[in-house]
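Enquirer: If you scroll down you'll find the structure; I have some questions about it.
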Amino acid sequence: MKQIKTFMIICFITIITFLIISGCEKKEDKMPVPDLGEKLKPGQSLGIKSVVNLRDVGGYPTKTGEVVRRGLAYRSNELNPVSPESMKKIAELGLKYDFDLRTNEEVKEKPDELPEGVKYEQLNILADAKSAAPAELEKLMHDPKKANEVFGGGKIDDLFIKGYREFVSLPSALEGYRKLFLALGTPKDLPSLFHCTTGKDRTGWASAALLTLLGVDSELVMQDFLKSNEYILPLYQKDIDEFVAAGGEKEIALAIFGVKKEYLDASFDEVTKNYGTLENYFAEGLGIDEEGQQALRNLYLEKK
């Protein structure tokens, strides 16, 4: 189970720490938008084989009758390994920046492979997470009976839910997301891409928070979040099947490799609990005031 080995190293921090290991400028009217993805539905994968969860954040309608512009921000899973064919397609996006939300351990294990000229910046969302020997979790996941005892009966979901809450409260998360959203609001740095390992947790919250700030309906935001299941679960299906065949509870594997509605609900509930509104989360938690928030809207929203 080669694929599961690397992923389980990442998830160890999640289980031990109850975390998931997951100044704007005025709108420019004629910012170029790549053709790639224009004919796709909102939230649909760009179909790049090496990066199956690479998607344009844009395309969604807002509650005020506008639409989120395509070709400015992209979200994805890890960029390693990337085939020459996939690299060529990524290059066509014309990316200026790649924002890596992963931990130091993840980056060391699989450093990003990027087209020439793309600037790279790591934003370690989980820098404040406590860590321990990853081999312990790997051993546990190779012992389905023990995994069932530790993670079974819904306990794995409880841990992930708590982790999603900490996307909103962890100091390193606040710092990382602040830098990300400020960069995504800077026209000269666009188009840009942000990602974690599977592109579903840390990346999922970043996309959900941005779309919500821009006025996309909550049901569409949730649909976008859950689309990671369509692209990531098949990628790890063999590992899931092997784990289940060895006696492991399927729900444990699905929780680790997929996403659920209650995960994102937990993040938004934490926003309400700590800040009252998402706008206050941006203002008080991330230090992006009303003017900065409006600048993001001016940049990303256009008439249908």
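The values are calculated or read from the model by the stated rules, or taken from the named source; none is laboratory data. This one's a predicted model, so the numbers in the text were calculated from it and none came from an experiment. Virtual Cβ from ideal backbone geometry, glycine too; neighbours counted across all protein chains shown.
Enquirer: May I ask you to list the residues in segment 41-62 that are touching a helix residue (DSSP H, G or I) at 6+ places or on another chain (Cβ under 6 Å) and either at positive phi or not in a loop (DSSP other than H, G, I, E, B) (or both)?
Expert: Gly43, Ser45
Enquirer: For Thr186, all conditions in the list (1) crowded, with 16+ Cβ neighbours inside 10 Å; (2) under 18 Å from the mean Cα position of the chain (by Cα) hold save one; what is the number of the exception?
Expert: (2)
Enquirer: Looking at segment 92-100, is at least one residue at pLDDT below 50, more than 29 Å from Gly248 (Cα to Cα) and among the charged types (D, E, K, R)?
Expert: Scanning segment 92-100 turns up no residue that is at pLDDT below 50, more than 29 Å from Gly248 (Cα to Cα) and among the charged types (D, E, K, R).
Enquirer: Please find, within segment 140-154, the residue that is surrounded by the fewest Cβ atoms within 10 Å (Cβ to Cβ) out of those that are at pLDDT below 90 and not in a helix (DSSP H, G or I).
Expert: That would be Asp143.
Enquirer: Out of Tyr231, Tyr263, I need the residue that is closer than 23 Å to Phe99 by Cβ, surrounded by fewer than 24 Cβ atoms within 10 Å (Cβ to Cβ) and not aliphatic (A, V, I, L, M). Which one?
Expert: Matching residue, one of Tyr231, Tyr263: Tyr231.
Enquirer: When you look at Lys88, is it assigned to a helix (DSSP H, G or I) and modelled with pLDDT of 95 or more, yes or no?
Expert: Against the criterion (assigned to a helix (DSSP H, G or I) and modelled with pLDDT of 95 or more), Lys88 qualifies.
Enquirer: Sticking with this one: When you go through (1) modelled with pLDDT under 95; (2) more than 18 Å from Arg102 (Cβ to Cβ) one by one for Lys188, which number turns out not to apply?
Expert: (1)
Enquirer: Inside segment 195-220, can you point out the residues that are of a type outside the set (Ser, Thr, Tyr), farther than 25 Å from Thr64 by Cβ and in contact with a strand residue (DSSP E or B) (Cβ under 7 Å, 6 or more places away or on another chain)?
Expert: Within segment 195-220, His195, Gly199 qualify.
Enquirer: Now a separate question. Failed condition for Lys30, given (1) part of a loop (DSSP other than H, G, I, E, B); (2) basic (Lys, Arg); (3) modelled with pLDDT of 95 or more, with all others met?
Expert: (3)
Enquirer: Continuing with this model, one more query. Of all residues in segment 155-171, which are surrounded by fewer than 16 Cβ atoms within 10 Å (Cβ to Cβ) and in contact with an Asp or Glu (Cβ under 7 Å, 6 or more places away or on another chain)?
Expert: If the condition is that a residue be surrounded by fewer than 16 Cβ atoms within 10 Å (Cβ to Cβ) and in contact with an Asp or Glu (Cβ under 7 Å, 6 or more places away or on another chain), then Ser169, Pro171 are the ones that fit.
Enquirer: While we're here: Quick test for you: out of Tyr300, Tyr263, pick the one residue that is modelled with pLDDT of 95 or more, in contact with a strand residue (DSSP E or B) (Cβ under 6 Å, 6 or more places away or on another chain) and within 30 Å of Leu46 (Cα to Cα).
Expert: Residue meeting the stated conditions: Tyr300.
Enquirer: Shifting gears a bit: Just need a number here: residues in segment 98-111 that are surrounded by fewer than 20 Cβ atoms within 10 Å (Cβ to Cβ) and not basic (Lys, Arg).
Expert: The total comes to 5.
Enquirer: Could you list all residues from segment 155-183 that are among the small types (Gly, Ala, Ser) and either over 15 Å from the mean Cα position of the chain (by Cα) or modelled with pLDDT of 95 or more (or both)?
Expert: Scanning segment 155-183 gives Ser169, Ser172, Ala173, Gly176, Ala183.
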